[in-house]
Amino acid sequence: MDYLDQLEAEAIAILREVAGQFEKPALLFSGGKDSITLVRLAEKAFRPGKFPFPLVHVDTGHNFPEVIEFRDRLAAQIGEKLIVCH
């Protein structure tokens, strides 16, 4: 197992631990590269089941329209709940 595999395994373990220990966890999702990476890690951690938390996007109104379109398309594509806060 190389270093990146170890980091991925640790991140997956943390996601599972958070989901198991907290009553109402959520995954903040901006649509950026870091958020997309976390969504992909959550898929590895919880598939084929649903995520034990929603995706939450705090919409500041300063996003490119393409980011909003991608956010909505990704949430629909993976079938997970998306909460948008304005």
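The values are calculated or read from the model by the stated rules, or taken from the named source; none is laboratory data. Predicted model only: the values in this text are computed from it and were never measured. Please note that ligands, DNA and RNA were not included when accessible areas were found on the heavy atoms of the full protein model with its side chains. Shrake-Rupley method; radii C 1.70, N 1.55, O 1.52, S 1.80 Å.
Observations, loosely collected:
- Using the 1.4 Å probe convention, the accessible area of the chain works out to 69 Å² per residue with neighbouring protein chains retained.
- Its convex hull of Cα atoms gives the stretch 1-81 a direction-averaged projected area, equal to a quarter of the hull surface, of 6.0 nm².
- Separation of alpha-carbon centers, the stretch 46-86 and the stretch 1-45, rounded to whole Å: 15
- Measuring nothing but how far apart in sequence close Cα pairs (under 8 Å, 6+ apart) lie, relative to its length, the chain scores a relative contact order of 30 percent.
- Under a 5 Å amide H cut-off, with hydrogens placed 1.01 Å from N, HIS57 pairs with PHE29, ILE83, VAL84, CYS85 among residues at least 5 apart or on other chains.
- Accessible surface of ASP2 - all protein chains present, 1.4 Å probe, nearest 10 Å²: 80
- Lysine pair count for the chain with Cα-Cα distance under 19 Å and sequence separation of 8 or more or different chains is 5.
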